[in-house]
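What follows is a set of notes on a single structure, which appears directly below.
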Amino acid sequence: MRLPESQLAVLQAADATNGTATDRLADQTGLDPAAVTRAAFDLRDEGLVTVDQTTETSADLTAEAREYLDEGLPEVRLYKAAIEAGADDEPVSMGQLIGASGLAGPQVDIALSNFARKGYGSIDSGDVAADPDADPDADPEVAALESLAAGESVDDTDLLDQLERRELVDQTERTVRTVTLTDAAVTALMEGIEAAETVDRLTPELLTSGEWQDVEFTEYNVEADAPGVEGGRKHILRQTADRVKDVLVGMGFQEMDGPHADADFWINDCLFMPQDHPARTHWDRFALDVPPIQELPDGLVDRVESAHREGVGEDGDGYHSPWSRDFAEAVALRGHTTSLSMRYLSGFAGADIEPPQRYFSVEKVYRNDTLDPTHLLEFFQIEGWVMAEDLSVRDLMGTFEEFYKQFGIEDIQFKPHYNPYTEPSFELFGTHPTTGELVEIGNSGMFRPEVLEPLGIECDVMAWGLALERLLMLMYGFEDIRDVHGTLCDLELLRETEVVY
Ligand code: PHE
């Protein structure tokens with residue numbers, strides 16, 4: 001048998017009865033630990049060794065723990081001061097004990113919370129009573145810290161976890177691999193194995209000298225386990241947002257851009273949302289205490305006000321409810337990006353609005369909702385509109401089918417809906433890939449004349465707002481939006497979720 005040198009060295013250093021850790025094999029062979037691991041997996045694939053894998057946890061003291069080893073744990077210091085002051089007889093005021101113990105800053109809180117937890121005594125309206133039977137010299141946390149400091153291991157995992165919660169130890173896990181020879185290896189070693197001088201990489205020297213023609217190359221094992229490399233990567237939400245943009249650009253759309261905090265005029269008034277609508281008073285609006293936005297186009301403001309008061313068209317009827325310009329100028333975080341659609345459709349954003357036109361944005365919106373598995377206070381909305389002559393609901397539905405198809409979603413369902421600004425209106429639903437539940441993924445409709453006429457638009461406009469996070473739920477099977485966003489977001493999941501392009 002012929003084997004590459006590194007594999008032969010590992011075989012010769014390993015044992016048939018006891019597993020040898022790869023670190024020890026590295027010491028014995030003089031090979032680099034990664035090379036030993038690589039050789040071990042190659043040998044395993046040849047049936048010459050078995051590789052066992054276990055995780056080992058090591059605990060290291062933090063700087064804070066080292067400080068306490070010198071000075072004593074804060075609760076122990078408090079207890080000693082309490083005994084000295086006679087608090088085992090008669091409660092003593094906390095202020096006096098803190099002064100006497102020399103505790104300061106955050107250590108005072110640490111002392112107080114652990115004092116009671118460990119049964120050193122009780123604290124009642126500022127007075128500390130010490131339990132005369134408590135024994136700080138038998139404190140298991142102190143004993144564990146001392147063992148760790150002496151380089152001994154501590155087996156009580158609950159105790160270690162408790163110390164980790166107190167930030168007194170850091171626990172780290174590492175994978176330990178041990179290598180054991182198989183019978184086949186023992187036989188092969190007895191028969192004699194020849195070391196093959198193999199080359200594992202092509203170097204400029206090999207190339208220029210022409211030596212590459214004569215050397216033997218190591219086989220490349222693409223299936224061998226290798227240490228994971230956790231490099232940076234784009235967050236899947238951002239990745240999907242970019243993909244959505246690419247798809248919409250491919251469908252002939254241009255991108256809109258505009259402020260996150262905007263005048264209520266653009267967020268609501270232009271959309272024929274009455275000023276006394278519950279969403280505009282307290283329901284889900286994040287009002288901002290900043291100066292109003294007074295640069296609104298006067299002509300449009302007048303036409304919008306008149307649409308609200310009297311309606312538009314011959315049979316039109318308005319809300320006949322109060323309308324004030326001050327309210328329209330007040331600033332809030334946008335609850336939808338339809339504010340951008342209004343800025344663009346009115347011409348205020350400066351872009352050409354001669355029909356036909358198609359625009360989109362994939363941007364953040366803010367709602368004062370209650371957090372739950374499908375609702376966040378902020379999320380990304382995929383806004384879009386198409387302006388053209390003679391559009392119908394079939395164009396709207398067809399656009400969604402084409403859009404979602406790009407993400408592998410082919411079972412969109414529509415449900416009639418109500419929006420003050422569209423008629424007809426539709427909610428969109430998709431089926432969750434694992435739970436099979438219908439998930440609401442968006443809202444859409446054809447803008448009504450009360451919206452279009454003040455904007456001076458004479459053709460049809462179909463429009464929508466879709467939730468990017470919901471699209472992700474359908475694509476990846478997430479059930480809780482908080483898996484993808486925010487503080488509870490699972491790093492492993494973000495690292496491991498397959499990139500879909
Ligand atoms: N603004 C709507 C929402 O946030 C979406 C929408 C936009 C509906 C445009 C119809 C037309 O739910």
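For GluC sites (Glu not before Pro), the sites in region 184-259 that DSSP calls loop and that have at most 16 other Cβ atoms within 10 Å are GLU197, GLU219, GLU223, GLU230. When trypsin sites (Lys or Arg not before Pro) are flagged only if DSSP places them in a loop and at most 15 other Cβ atoms lie within 10 Å, the longest unflagged stretch of the chain comes out as 235-501. The phi torsions of region 455-468, fed into the Karplus equation with coefficients 6.51, -1.76 and 1.60 and a -60° offset, translate into couplings of 6, x, 9, 9, 9, 8, 9, 9, 8, 7, x, 10, 8, 4 Hz, rounded to whole numbers, with Gly and Pro shown as x. Which of the three applies to region 1-133, rounded, prolate or oblate, going by the alpha-carbon gyration tensor with a ≥ b ≥ c and a/c under 1.5 meaning rounded? Here region 1-133 falls in the prolate category. Find the lysine pairs in the chain meeting two conditions, Cα atoms under 23 Å apart and a separation of 8 or more places or different chains, and report how many there are. Step by step, the pairs that qualify in the chain add up to 6. Length, then width, then depth: along the principal axes, the Cα atoms of region 46-97 run 75, 22, 14 Å. Global dimensions of region 66-186 from alpha-carbon coordinates: Rg and Dmax equal 20.0, 77 Å.
Each Cα pair under 8 Å and six or more residues apart adds its separation to the average, and for region 441-497 the resulting relative contact order is 28 percent.
Placing one equal scatterer on every Cα of the chain and applying the Debye formula, the log10 ratio I(q)/I(0) at q = 0.06, 0.09 Å⁻¹ is -0.59, -0.89.
The angle between the Cα long axis of helix 74-84 and the main principal axis of the chain comes to about 70°, on a 0 to 90 degree scale. Stokes-Einstein, applied to the Kirkwood radius of region 160-231 over Cα pairs at a viscosity of 1.002 mPa s and 20 °C, places its translational diffusion at 119 µm² s⁻¹.
Pairs of C-alpha atoms in region 338-398 farther apart than 13 Å represent 70 percent of all such pairs. Averaging the Cα positions of each part gives two centres, and for region 313-341 and region 407-465 these lie 20 Å apart. For region 407-483, the orientation-averaged shadow of the C-alpha convex hull comes to 6.1 nm² (one quarter of the hull surface).
Give the angle, between 0 and 90 degrees and rounded to the nearest 10, that separates the Cα long axis of helix 236-250 from the longest principal axis of the Cα atoms of the chain. Long axis of 236-250 versus the principal axis of the chain: about 40 degrees. Since only HIS260, LEU296, SER306 are under comparison, the one whose Cα sits farthest along the positive direction of the charge dipole of region 191-321, derived from C-beta charges on Lys, Arg, Asp and Glu, is SER306. Ellipticity at 222 nm from helices only: DSSP H runs of n ≥ 4 in the chain, each -39500 (n - 2.57), divided by the residue count, give -10500 deg cm²/dmol. Of the residues LEU97, ALA129, ALA65, the one whose Cα sits farthest toward the positive end of the charge dipole of region 65-134, with +1 on the Cβ of Lys and Arg and -1 on the Cβ of Asp and Glu, is ALA65.
Under a 5 Å amide H cut-off, with hydrogens placed 1.01 Å from N, VAL199 pairs with GLU216, PHE217, THR218 among residues at least 5 apart or on other chains. Using only the Cα atoms of region 89-138, build the gyration tensor, take square roots of its eigenvalues as a ≥ b ≥ c, and label the shape rounded, prolate or oblate: rounded if a/c is under 1.5, else prolate if a/b is larger than b/c, else oblate. Judged from the Cα gyration tensor, region 89-138 comes out oblate (a/c at least 1.5, b/c at or above a/b). If you put +1 on each Lys and Arg Cβ and -1 on each Asp and Glu Cβ, how big is the dipole of the chain around its Cα centre, in Debye rounded to 20? The calculation lands at about 1360 debye. Using every pair of distinct Cα positions in region 200-270, the Kirkwood expression returns a hydrodynamic radius of 19.0 angstrom.
What you get for region 54-157, charging only the Cβ of Lys and Arg (+1) and of Asp and Glu (-1), is a dipole of about 340 debye around the Cα centre.
The packing ranking, built from the mean of other Cβ atoms within 10 Å per residue, places the peptides 422-431, 291-300, 379-388, 149-158 in the order 379-388, 422-431, 291-300, 149-158, highest first. Rounded, prolate or oblate: which fits region 221-353, taking a ≥ b ≥ c as square roots of the Cα gyration tensor eigenvalues, rounded meaning a/c under 1.5, else prolate when a/b beats b/c? Cα axes put region 221-353 in the prolate bin.
Each reported figure results from applying straightforward, stated rules to the coordinates on display, with no laboratory input. What you see is a predicted model, and the numbers here were worked out from it, not measured in a lab. Neighbour counts run over all protein chains shown; Cβ positions are idealised from the backbone, glycine included.
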